[in-house]
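No value in this document is a laboratory result; all are computed from the given coordinates. The model shown is predicted, which means the values in this text are computed figures rather than measured ones. Glycine also receives a Cβ, built like all others from the backbone with ideal geometry; neighbour counts cover every protein chain displayed.
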Amino acid sequence: MNRLICSLCNKEYSLNEKIWKCDCEGLLDIDFKAKFPLEKIKTRQPNIWRYREAIPIDNDSNIVSFNEGFTPILEFVIEGRPVLIKQDHLFQTGSFKDRGASVLVSKIKELGIDYVIEDSSGNAGCAVSAYCAKAHIDCEIFVPQDIQESKLKQIKSYGAKVNKVSESREKTAELVLKYVQDQYYASHCWNPFFFQGTKTLAYEICEQLGWKAPDSIVLPVGNGSLLLGVFIGFNDLLKAGIIKKIPKIIAVQSKNCAPLYIAFKNKLDNVFPISKLNTIAEGISISNPVRGKQIIEAVKISKGDFIAVSENKIKTSLKEMYKKGFYIEPTSAVAIAGLKEYLHQLSKSELIVSVFTGHGLKK
Ligand SMILES: *Cc1c(COP(=O)(O)O)cnc(C)c1O
Ligand SMILES: [Zn+2]
């Protein structure tokens, strides 16, 4: 318990080693016994750090926080049915990625690291840059050629060093992987501490439902920083005996870039890179997710499913949310388009939760 563990060779490391991958190049996961003293939790501030005993940071003095989290969960009527949507576009940097950045940058501070590297199509770069700025940690963010100007501007504003690569999102990630060897990679895909932050979404949903799990959760997925975090979070609660089952994870991709959906529907355990088409859901336009195998496994274990949605359906869902007064970014509308599809397939009634992942103001 309480260690880094390699997903390939099972080698173990202390949580305080300054590493982000195994000696064998494998992805690291975190084995950590999360505790939930419910009486204490309810007296604490409404942010992710109320789950203090579930987050693997040793000293409170290392916590880097903007009091993020405990976002509202609102009831919507979609296709004539009630569903709950977590308002995770309401974060300091405008996306749920602040959950992951808060925990990851806290750990970076705890490890005494003063320089990190990350690559991102936008929101993860914004989140890591903002938290690094708060912690006085230098960061270098690699971004692809097609990054949105607004997100690029936001990253630069926090004082991050930006390297714009004249390549695709995927090529940028490959390049960074070669470049980063000796430094600390604050990656929302590779670094396991990021998922120790995104998992708090599962905790908050359960607490807001009276410490109960929903029947299903509908999420957009690209690299899986949200999906894998949520899977870890529900499993923590299950192991602690707080919930009795984990919800079905309904993972939604854009049809124009759906490597996970394709692998799952073809009953493959591994994900193969695909050639993608343009999508307005640029936040999840990832053709070769590094944790693809883990994502498929998580969805399977949850007895969930994958759904792929067309550009037209994403656009329609986006407009519908605007008309209800919610200004979200197009990537967020993927989940809503998937949710509608899921509701069409569903025969009985279920307690369903989905998420608005990013704010429309930086679109
Ligand atoms: C990062 C992000 C997602 C989820 O993407 P993953 O790559 O699966 O973590 C969804 N929506 C928005 C707005 C995002 O920024
Ligand atoms: Zn290994």
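A compact table of results
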item: Nearest-0.05 FRET efficiency for LYS245 and ARG81, computed from C-beta distance (R0 22 Å); result: 0.55
item: Linear extension gain, LYS42 paired with ILE19, 0.36 nm per residue minus alpha-carbon span; result: 4.8 nm
item: Prolate/oblate/rounded call for the chain, Cα gyration tensor, a/c under 1.5 rounded; result: rounded
item: Projected area averaged over orientations for region 164-286, convex hull of C-alpha atoms, nm²; result: 9.5
item: Local electrostatic count at GLU149 - Lys and Arg +1, Asp and Glu -1, tallied over other residues with Cβ under 15 Å; result: +3
item: Percent antiparallel among DSSP beta bridges (both partners in region 219-363, rounded to 5); result: 20
item: Relative contact order of the chain, defined on C-alpha pairs under 8 angstrom at six or more residues apart (%); result: 16
item: Length released on extending from LEU175 to ASP215, taking residue separation times 0.36 nm less the Cα-Cα span; result: 10.4 nm
item: Rel. contact order, % - alpha carbon contacts under 8 angstrom, at least six apart, region 76-186; result: 25
item: Whole-number D in µm² s⁻¹ for region 166-224, Kirkwood Cα-pair radius fed into Stokes-Einstein, 37 °C, 0.692 mPa s; result: 231
item: Per-pair calculated FRET efficiency, R0 = 30 Å: ASN163 and ASN10 via Cβ, rounded to 0.05; result: 0.30
item: Per principal axis, descending, Cα span of region 133-189 in whole Å; result: 29, 29, 17
item: Cβ-Cβ FRET estimate between ASN278 and LYS156, R0 fixed at 35 Å, reported to 0.05; result: 0.90
item: Value in Å of the Kirkwood radius, where region 29-144 supplies the Cα pairs that are averaged; result: 15.7
item: Bridge type composition, region 1-150 - antiparallel percent by DSSP, nearest 5; result: 70
item: Overall form of region 228-363 per C-alpha gyration tensor (a/c, 1.5; a/b vs b/c); result: oblate
